[in-house]
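Read-outs: derived from the displayed coordinates by stated rules, not from any lab. Because the structure is predicted, anything quoted here is derived from the model rather than measured. Counting neighbours? That spans all protein chains shown, and the Cβs are built from the backbone with ideal geometry, glycine included.
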Amino acid sequence: MGVFDSPRDGTPADSPTARLRPDDLVVALARFLHRVHTSAPVDGAEALSATPSDYLALAAERVESGAVTSDSFDEPYRPHAPERLLSIATDLADGLGAVASVPVHGSLALADLRIDGGSVVGWTVPATPRHGDSYVDLSFLARDLAAAIGPAAVPALFDAYGAERPDPVRIEFWVTLRQLLS
C-alpha cells in the first residue's frame, strides 16, 4: 500500500475502540505520518503548496468574510476574537524561519485515519496533493489527540515521529491557525 492509498477497512482512529490502547495508537499515527512525510515528493502541476503564508492567507480570507467565530475555537482560544488570533498567528509566522517542504495532507484530523492491527491502514486521501511543513499535519493531529486522549499524547506523538526537539513556535502557529480554518 502506498501512503496515498486509502483502503476502506480498519477502525476509525477517533473511535473509542481505536483509543483502547492510546500509546499504541499514538505510535501508529506517528509512524504513518513519518512515512508520508518522507515519501517521494508529489509530482505534477496539480500539487499545491501548503506553506505557512498560504495558510495565513486562507485564514485571513475566512476572518475577513466573517466565516470564523470564536464559538468554534478550542476552549483556551475562545476568549479571543478571530482577528486577534489571526494577528497572533501572523506574529508567530515571523518567527518560523525556513521549513522543509515535504508531502503533507494539509488538513489532517484524527477522523481521517483508519487503524487495524496496530497500524494505519488507510486515510482520507487529500483531494489535491500538497507540499508543506510537516508540522501542519503533526500539529493538527496533536490537537485532536490531546482532545481525545489527553495532553500527554502530544509529546508522545512528536517523540514517536522522531522529532528530537519539537519547535513550540511552529506547533502553536499551526494550532492557532487550525482555530481559524476549522
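Assorted remarks:
- Correct choice for log10 I(q)/I(0) by the Debye sum over Cα atoms at q = 0.10 Å⁻¹ that was computed from the model, options (1) -0.43; (2) -0.33; (3) -0.38: (3)
- Local charge for Ala13 was computed over the other residues whose Cβ lies under 10 Å away, with Lys and Arg +1 and Asp and Glu -1, and equals -1.
- Protection proxy ranking, peptides 116-128, 98-110, 61-73, average beta carbon neighbours within 10 Å, highest first: 98-110, 116-128, 61-73
- Sum of side-chain charges, Leu96 neighbourhood, beta-carbon under 10 Å (Lys, Arg +1; Asp, Glu -1): -2
- Gain on full stretching of the segment that runs from Ala100 to Ser87 - 0.36 nm per residue minus C-alpha separation: 2.3 nm
- Ala40 paired with Arg62, simple spin-label distance in nm, labels 7 Å along Cα-to-beta-carbon: 3.3 nm
- FRET efficiency, 1/(1 + (r/R0)^6) with R0 35 Å, evaluated for Val169 and Ser15 via beta carbons: 0.60
- About the Cα centre, charge dipole magnitude for the chain (Lys/Arg +1, Asp/Glu -1 at Cβ), debye: 280 debye
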